[in-house]
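All remarks here apply to the structure that follows.
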Amino acid sequence: MTKLFLLIGSAYCMLSVMLGAFAAHGLKKHAPEYAVDIFKTAAEYQMFHGLALILVAMLIKQGLKLSASGWLFTLGTILFSGSLYLLAWTEWRFLGPITPIGGVCFILGWLLLIIKAAKHKF
């Protein structure tokens, strides 16, 4: 799991930079400001949780059992950021309810990380 979460997290971070640059330079010319803001929010949360996955990989290496957190961050990014990217790009309003499910995945991932870290002897 360590290598997988490190790779996914690194890929998420790289894509976040690329998509954030696209929002700032390319999308701005073709979309309304609210769509650009939604796209930027998606890129920010993707970066945060890409870094979280890298942290999870490092902590797994230290002996913490954090696979569930890693999968929640992975799924949360797909649901949260993915739905926001699509919403900003297509204006498909039916995607709106998917975003909070991704947010719940993020919250649960962080909660599990807190619980596991509190119980672990460093």
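The values are calculated or read from the model by the stated rules, or taken from the named source; none is laboratory data. This structure is a prediction, so every number in the text was calculated from the model and none was measured. Cβ placement follows ideal geometry from the backbone for every residue including glycine, while neighbour counts extend to all protein chains displayed.
Summary table
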{"item": "Close pairs (6 angstrom Cβ cut-off, 6 or more residues apart or separate chains): surrounded by fewer than 16 Cβ atoms within 10 Å (Cβ to Cβ) and in a helix (DSSP H, G or I) in the stretch 90-117, modelled with pLDDT of 95 or more and of a type outside the set (D, E) anywhere", "result": "I101/L79; G103/F80"}
{"item": "Residue among L51, L64, L59, L72 that is assigned to a loop (DSSP other than H, G, I, E, B), under 13 Å from F5 (Cβ atoms) and in contact (Cβ under 8 Å) with a residue 40 or more places away in the chain", "result": "L64"}
{"item": "Pick from the stretch 78-89, criterion among the small types (G, A, S) and buried (at least 20 other Cβ atoms within 10 Å of the Cβ), ranking: farthest from I8 (Cα to Cα)", "result": "A88"}
{"item": "Residue in the stretch 88-110 that is at pLDDT 95 or above and within 18 Å of M1 (Cα to Cα) present", "result": "yes"}
{"item": "Complete set of residues in the stretch 9-26 that are out of contact with any Phe, Trp or Tyr (no Cβ under 6 Å at 6 or more places or on another chain), buried (at least 19 other Cβ atoms within 10 Å of the Cβ) and aliphatic (A, V, I, L, M)", "result": "L19"}
{"item": "Number of the condition not met by Y12 [criteria: (1) outside any helix (DSSP H, G or I); (2) in contact (Cβ under 8 Å) with a residue 60 or more places away in the chain]", "result": "(1)"}
{"item": "Count of residues meeting criterion [part of a loop (DSSP other than H, G, I, E, B) and surrounded by 14 or more Cβ atoms within 10 Å (Cβ to Cβ)] in the stretch 27-48", "result": "1"}
